[in-house]
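Let me begin by presenting the structure, written as structure tokens, before commenting on it.
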Amino acid sequence: MKSKRHNKIIEIITRYDIDTQDELIAKLRESGFDVTQATVSRDIRDLKLVKISTEDHRYKYALSPHDDIHISVKYRNIMRETIIHVDYANNFVVLRTYSGMAQAAAAAVDGMGWNEIVGTIAGDDTIFVLMRDNAAAIEFSERLKLIGRGQDK
């Protein structure tokens with residue numbers, strides 16, 4: 001349950017400008033998670049969330065840009081737990097996720113910083129990933145399949 005909650009938190013802070021723990025708690029509860037302030041506080045610490053400035057001079061929660069190795073492991077875990085099917089056609093990779101998890105998985109894919117990825121578009125349970133070329137799409141698909149099996153380190 002903790003892992004699902006962490007994935008949902010990442011999805012929420014990626015999709016919305018969440019400024020307070022109360023806002024995060026409300027969004028989690030809307031998503032079916034019965035959480036307390038203490039639980040969310042621990043989750044924020046575990047995920048190493050930071051507050052960053054927005055364009056309108058407010059603050060919002062975000063993943064820390066500094067703990068690269070830790071974040072890389074978290075992104076792999078998110079991809080492993082949310083992506084259920086990988087396919088490609090030419091230089092497009094299509095990822096199927098559990099319902100409602102595409103945003104979190106796309107944020108993880110984007111956050112990995114793979115140079116061969118041009119960009120991602122996520123819906124509810126599908127992600128389109130534009131790759132630089134066909135070979136990159138094949139390689140990326142294979143890497144994601146390894147991650148799904150827990151074999152990519």
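Numbers at a glance
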read-out	value
Yes/no for D133 being over 16 Å from H85 (Cα atoms) and modelled with pLDDT under 85	no
Among residues of the stretch 119-135, those that are open to solvent by 70 Å² or more (accessible area, probe 1.4 Å), assigned to a loop (DSSP other than H, G, I, E, B) and within 11 Å of A105 (Cα to Cα), counted	1
F92 buried (at least 16 other Cβ atoms within 10 Å of the Cβ), modelled with pLDDT of 85 or more and either hydrophobic (A, V, I, L, M, F, W, C) or out of contact with any Cys (no Cβ under 8 Å at 6 or more places or on another chain) (or both)	no
Residues of the stretch 136-153 that turn out to be at pLDDT below 85 and open to solvent by 90 Å² or more (accessible area, probe 1.4 Å), as a count	3
Some residue of the stretch 100-118 being at pLDDT below 95, in a strand (DSSP E or B), more than 20 Å from R76 (Cβ to Cβ) and not aromatic (F, W, Y)	yes
Some residue of the stretch 60-83 being aromatic (F, W, Y) and more than 30 Å from L146 (Cα to Cα)	yes
First in the stretch 25-40 and closer than 16 Å to M101 by Cβ, second anywhere and open to solvent by 70 Å² or more (accessible area, probe 1.4 Å) and outside any helix (DSSP H, G or I), Cβ under 6 Å, 6 or more apart	none
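The values are calculated or read from the model by the stated rules, or taken from the named source; none is laboratory data. Note that the structure is predicted; figures quoted are calculated from it, not measured. Cβ atoms come from the backbone with ideal geometry, glycine included; neighbour counts cover every protein chain shown. Note: accessible area is taken over every heavy atom of the protein model, side chains too, but ligands, DNA and RNA are not part of it. Shrake-Rupley method; radii C 1.70, N 1.55, O 1.52, S 1.80 Å.
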